[in-house]
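All remarks here apply to the structure that follows.
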Amino acid sequence: MKAKIHVTLKSGILDPQGRAIQQSLATLGFSSVHDVRVGKFLEVELGDSDQSQAESQLKAMCEKLLANTVIEDYRYELEPFEQN
Amino acid sequence: MNFGVLVFPGSNCDHDCAHAVAEGLGQHVREIWHQETSLEGVDAVIVPGGFSYGDYLRTGAIAQFSPIMEALKEFAAKGGLVLGICNGFQILLEVGLLPGVMMRNRDLSFICEDVYVKVENAATPFTNACESGQILKLPIAHAEGNYYTDPITLSSLQANAQVVFRYCDSDGQVITEVNPNGSLDNIAGIRNAAGNVFGLMPHPERCAESVFGNQDGLLVFQSMVNAFTEVHST
């Protein structure tokens, strides 16, 4: 299975990178953009495991390492491997 | 006194720290590779600055799972002195020995300059050689020194005198204008509740010998020696 994990700053946490990008977009004329938040996107390939096993592993990975839950939220989507 | 300096892949202030305590204070020092698992014979540990694991994922995030970290947690739990400098501070936050997180600097830039910090608590094993309220000039060099924690943790840090250093001006005024990185409450250094773990963003090892033209940093290491000597002479 393959997991797509999004790690994003919690709402209310100041995102200086997002603010800089927003200002840059405004300079380019995209003045309707009123907020930009920058996060991380990870693709994790898991071995053979069932859905619930994979989910509990993913949760542990996010809590222990992939996100710092003091300032970050995470969410993930699980999908089966594409067979080539 | 035996100092141990942890060395991770990407540490780059390890030799400077070792030099400061060996040459500056004549103490024994051993560099400890992160794959080691024991801190036996070590009286105090320095977690040095640098870019452990290239700052991948988050600063300090990967280093927290290095083999030596289990020994470090045990060492800290038993009351051993632990000093984390810059990236070392970030590692101590990630591993949970100190509360809070480091975020990207407010203005996004990497800042490398001398700053002033005020000694808010001189009754710690890391500041006992300072006067309360003393102003130190120390260099900073970081992109992620914007300290953040939730309001409840911040209140308890303040209430328990765990905020040890605050960014200030040359007169000792703690004001937003001289906060280099956007750090909450101008925090430059905090200790844990038990008082034996201290993390700071400035680099005391870079101003610990006369050749640097500034020896304010030596006070931090001298304090650790004082604290150790006091405990072991009674």
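The values are calculated or read from the model by the stated rules, or taken from the named source; none is laboratory data. Since the structure is predicted, the reported quantities are computational estimates derived from the model, not experimental observations. All Cβ positions, even for glycine, are placed from backbone atoms using ideal geometry, and neighbour counts span all protein chains on display.
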Quiz prompt | Single residue of A:L66, A:L25 found to be surrounded by 11 or more Cβ atoms within 10 Å (Cβ to Cβ) and touching a strand residue (DSSP E or B) at 6+ places or on another chain (Cβ under 9 Å) | solution = A:L66
Quiz item: Looking at B:G41, B:G4, B:G54, which is the one that is assigned to a helix (DSSP H, G or I) and out of contact with any helix residue (DSSP H, G or I) (no Cβ under 8 Å at 6 or more places or on another chain)?
Solution: B:G54
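Per-residue answers, yes or no, for (1) touching a His at 6+ places or on another chain (Cβ under 6 Å); (2) crowded, with 17+ Cβ neighbours inside 10 Å:
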residue: B:H34; (1), (2): no, yes
residue: B:Y56; (1), (2): no, no
residue: B:A63; (1), (2): no, yes
residue: B:E70; (1), (2): no, no
residue: B:K73; (1), (2): no, no
residue: B:G80; (1), (2): no, yes
residue: B:C86; (1), (2): yes, yes
residue: B:L97; (1), (2): no, yes
Exercise. Within region A:59-70, identify whether any single residue is part of a loop (DSSP other than H, G, I, E, B), more than 29 Å from B:A63 (Cα to Cα) and under 19 Å from the mean Cα position of the chain (by Cα), and answer yes or no.
Key: no
Self-check item: Yes/no for B:Q173 being at pLDDT 95 or above, away from chain A (no Cβ under 14 Å) and either in contact with a strand residue (DSSP E or B) (Cβ under 9 Å, 6 or more places away or on another chain) or crowded, with 17+ Cβ neighbours inside 10 Å (or both)
Solution: yes
Practice problem: Collect the residues in region B:171-222 that are of a type in the set (S, T, N, Q) and part of a loop (DSSP other than H, G, I, E, B), keeping them in residue-number order. | Solution: B:Q173, B:N179, B:N181, B:S183, B:N192, B:N196, B:N214, B:Q215
Quiz item: Residue check, A:S56 against (1) closer than 30 Å to B:S66 by Cβ; (2) away from chain B (no Cβ under 13 Å); (3) of a type in the set (S, T, N, Q); (4) in a loop (DSSP other than H, G, I, E, B), all met but one. Which one?
Solution: (4)
Quiz item: Are there any pairs, at least 6 apart or on different chains, whose C-beta atoms fall under 8 Å, with the first in region B:110-125 and of a type in the set (S, T, N, Q) and the second not in a strand (DSSP E or B), and if so, which?
Solution: B:N121/B:T127; B:N121/B:S132; B:N121/B:A161; B:N121/B:Q162; B:T124/B:G195; B:T124/B:S223
Exercise. Mind listing whichever residues of region B:97-117 are farther than 18 Å from A:E72 by Cβ, of a type outside the set (D, E, K, R) and in a strand (DSSP E or B)?
Key: B:I111, B:C112, B:V115, B:Y116, B:V117
Quiz item: How about region B:1-32: which of its residues are aromatic (F, W, Y) and touching a Leu at 6+ places or on another chain (Cβ under 7 Å)?
Solution: none
Practice problem: Considering (1) in a loop (DSSP other than H, G, I, E, B); (2) crowded, with 19+ Cβ neighbours inside 10 Å, say which one B:N128 fails and leave the rest. | Solution: (2)
Quiz item: Say we look at region B:60-75 and pick out the residues that are in a helix (DSSP H, G or I) and closer than 21 Å to B:M102 by Cα; which of these is farthest from the other protein chains (Cβ to nearest Cβ)?
Solution: B:L72
Quiz item: Can you tell which of B:S223, B:S183 is within 14 Å of chain A (Cβ to nearest Cβ) and at pLDDT 95 or above?
Solution: B:S183
Quiz item: Taking the condition within 13 Å of chain B (Cβ to nearest Cβ), within 29 Å of B:E144 (Cα to Cα) and either among the aliphatic types (A, V, I, L, M) or in a strand (DSSP E or B) (or both), does A:L14 pass?
Solution: yes
